[in-house]
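Contents: one structure, followed by commentary.
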C-alpha cells in the first residue's frame, strides 16, 4: 500500500485492507484508535529513547514524569554535563539517587531516592538529565509519527490484528475477508483465527527485522 505515515493515510489504508470487516468499525475515530493501539505494541520491539530533564531540588523526592513516558532508562546526573567526583575524592557528592516510576495522585511521577542533597546541587547543578523510553504515537503528519516509514506494513498488520481481536470479543464468528498489508493476498477466516494468525506473523516479522 502506497501512502505516508500520516494518521489519515494510515487510516484509509487500514480501512481498505479490512474489506467487509471495516463495516464493524463505523465510528469516526475507530481506525485511529486501532492504529494507536498498534503503535503502543511497538514499544516492546522498537524502543524510542528520548532525553528528559527536571530541575532537582534539595530534599525533594517526587517530580512529574513526561507525558509520553513508557519506561525510565537511565540517569545522566553526575555523568553529563557535569561528571561527579570519585568516592575517594574530597569533592564526592555522595551516592546518586535511584529513579523509579510511580503512579502519583496527579499522574505518573519520577521518584529520586535518596532525595538530592545540597552538596549534589552545588557540585552537579540542578539540571537532572535522563534517558527514557517514550511511547510511539501516530501523528497527523508523517513527520509527527514516531515510527519510521519502513515499519508501515508492520503497523498496518498489527492494527489488523487489533481489529480482529475486537471483533472476536464482540462474539462475531462469521468468517470475514481482509487483505494482507504487505502482499495484498486475500484471507478469509473467523476474526479469532485471523487475530491469532496475524499476531504470530507480526511477532515473527517485527523480531526478524530487528531494531
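Can you give the FRET efficiency for residue 171 and residue 200, using 1/(1 + (r/R0)^6), R0 = 22 Å, r = Cβ-Cβ distance, to the nearest 0.05?
Values: r = 22 Å, r/R0 = 1.02.
Rounded to the nearest 0.05, the efficiency is 0.45.
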Under the 7 Å Cα-to-Cβ spin-label approximation, residue 67 and residue 48 lie apart by a distance in nanometres of 1.3 nm
Helix 7-18 sits off the longest principal axis of the Cα atoms of the chain, rounded to the nearest 10 on a 0 to 90 degree scale, by 40 degrees
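State, as an integer percentage, the relative contact order of segment 48-134 based on alpha-carbon contacts under 8 Å between residues 6 or more apart. The partial results should precede the final answer.
Working: 160 pairs, mean separation 46.3, N = 87.
Normalised by residue count, the contact order of segment 48-134 is 53 percent.
Considering all projection directions equally, how large on average is the shadow of the alpha-carbon convex hull of segment 48-134, in square nanometres? Don't skip to the end; give the middle numbers.
On the way: hull surface 21.3 nm².
Convex hull of Cα atoms, orientation-averaged projection: 5.3 nm².
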Between the Cα axis of helix 152-169 and the main Cα principal axis of the chain, the angle (0 to 90°, nearest 10) is 70 degrees
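Return an integer: the convex hull volume of the alpha-carbon atoms of the chain, in Å³ per residue.
Details: hull volume 30.9 nm³, N = 211.
Expressed per residue, the convex hull around the Cα atoms of the chain is 146 Å³.
Compute the FRET efficiency between residue 28 and residue 58 as 1/(1 + (r/R0)^6), taking r as their Cβ-Cβ distance and R0 = 35 Å, and round to the nearest 0.05. Numbers along the way, then the final one.
Values: r = 50 Å, r/R0 = 1.42.
Between residue 28 and residue 58 the formula returns 0.10.
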Taking the chain and counting helices only, DSSP H stretches of n ≥ 4 at -39,500 (n - 2.57) each over all residues, the nearest-500 ellipticity at 222 nm comes to -10000 deg cm²/dmol
Counting only backbone N atoms under 16 Å from a point 7 Å out along Cα-to-Cβ of residue 102, the residues of segment 109-132 in range are 109-117
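Within 10 Å, count the other beta carbons around each residue, average over each peptide in 93-101, 148-156, and list them highest first.
Details: 93-101: 15.7, 148-156: 18.4.
Put in order of decreasing packing, that is 148-156, 93-101.
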Rounded to the nearest 10 degrees, the helix 30-41 long axis (Cα) sits at an angle to the longest Cα principal axis of the chain of 50 degrees
If the chain between residue 149 and residue 86 were fully extended at 0.36 nm per residue, the gain over the current Cα-Cα distance would be 18.2 nm
All alpha-carbon distances of segment 81-189, grouped into 10 Å bins from 0, give the whole-percent distribution 10, 23, 19, 17, 15, 10, 5, 0
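Every number here is computed from the coordinates shown, using simple stated rules; none is lab data. If you're wondering where the values come from, they're calculated on a predicted model, not measured in any experiment. Quick reminder, even Gly has a Cβ in these numbers, built from the backbone with ideal geometry, and neighbours come from all protein chains shown.
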